[in-house]
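So the structure is just underneath, and the comments pick up after that.
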């Protein structure tokens, strides 16, 4: 009887020692892992509209077709620019690894007729003149940051965790981000980017998300660069899941060939 009581006591102490996550709210890392591993199908195709607006209110629009696949260990994305003429046939490919390795990224420039690898030194550069960086287009692994739940609050009609994310490395353009995560849906509804002075310099807002074929999909987002007074909106349409894409499609050869016919 004494041994059984001691074992029960030990088990209870071990459960308490994990931070109460078995019986209460998850911690920051667990929330971000739920976001990262949110089901997204085996593959996806979609049409994107990119609208860039400068400080004078002038806009530039670009049409894109995007493909993505989850191989189990790697999330691969391939984007083809269809219009206007000055960016037509440009393509971009990104591979994000589940083991937290740095993303591999490439861009095909039709004027040069060659595929260029994006170096790690360029990950904070703006993508095609937009307010998204190359790093923004990858899948940021939860292990790249330290996560702390700051509070819980309602945002855009959703009950959210507000989480502070501080990079583990020292090569990011931001000192930290703060993100609003919708509970149970595990979608980030807003992300604030902070500079070394602790000031917000860039904000990502999710204006629309919906369930398509059983998967939660972000279909309208706006990235605002507060320092440049410039913004980029991305709208997603014609979303299809599990269309039979193969791993071999995501290649430098396909970047040159163009979208699937």
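Annotations for the structure displayed:
- Of everything in the range 108-145 that is touching a helix residue (DSSP H, G or I) at 6+ places or on another chain (Cβ under 8 Å) and in a strand (DSSP E or B), the residue that is surrounded by the fewest Cβ atoms within 10 Å (Cβ to Cβ) is 115.
- Test for residue 66: is it closer than 26 Å to residue 166 by Cα, outside any loop (DSSP other than H, G, I, E, B) and in contact with a strand residue (DSSP E or B) (Cβ under 7 Å, 6 or more places away or on another chain): no
- For the range 158-172, the criterion of being at pLDDT below 95, part of a loop (DSSP other than H, G, I, E, B) and buried (at least 16 other Cβ atoms within 10 Å of the Cβ) is satisfied by at least one residue.
- Restricted to the range 67-106, and to residues there that are farther than 24 Å from residue 36 by Cα and without any contact (Cβ under 8 Å) to a residue 40 or more places away in the chain, the residue that is surrounded by the fewest Cβ atoms within 10 Å (Cβ to Cβ) is 85.
- Exclusive hit being touching a strand residue (DSSP E or B) at 6+ places or on another chain (Cβ under 7 Å) and either surrounded by 16 or more Cβ atoms within 10 Å (Cβ to Cβ) or under 25 Å from residue 104 (Cα atoms) (or both), set 152, 192: 192
- Scanning the range 75-97 for residues that are in contact with a helix residue (DSSP H, G or I) (Cβ under 9 Å, 6 or more places away or on another chain) and at pLDDT below 95 yields no hits at all.
- Of all the listed residues (255, 236, 223), the sole one being in contact with a strand residue (DSSP E or B) (Cβ under 9 Å, 6 or more places away or on another chain) and in a helix (DSSP H, G or I) is 255.
The values are calculated or read from the model by the stated rules, or taken from the named source; none is laboratory data. Quick caveat: nothing in here was measured; it's all calculated off a predicted structure. Cβ sites come from the backbone with ideal geometry, for glycine too, and all protein chains shown count toward neighbours.
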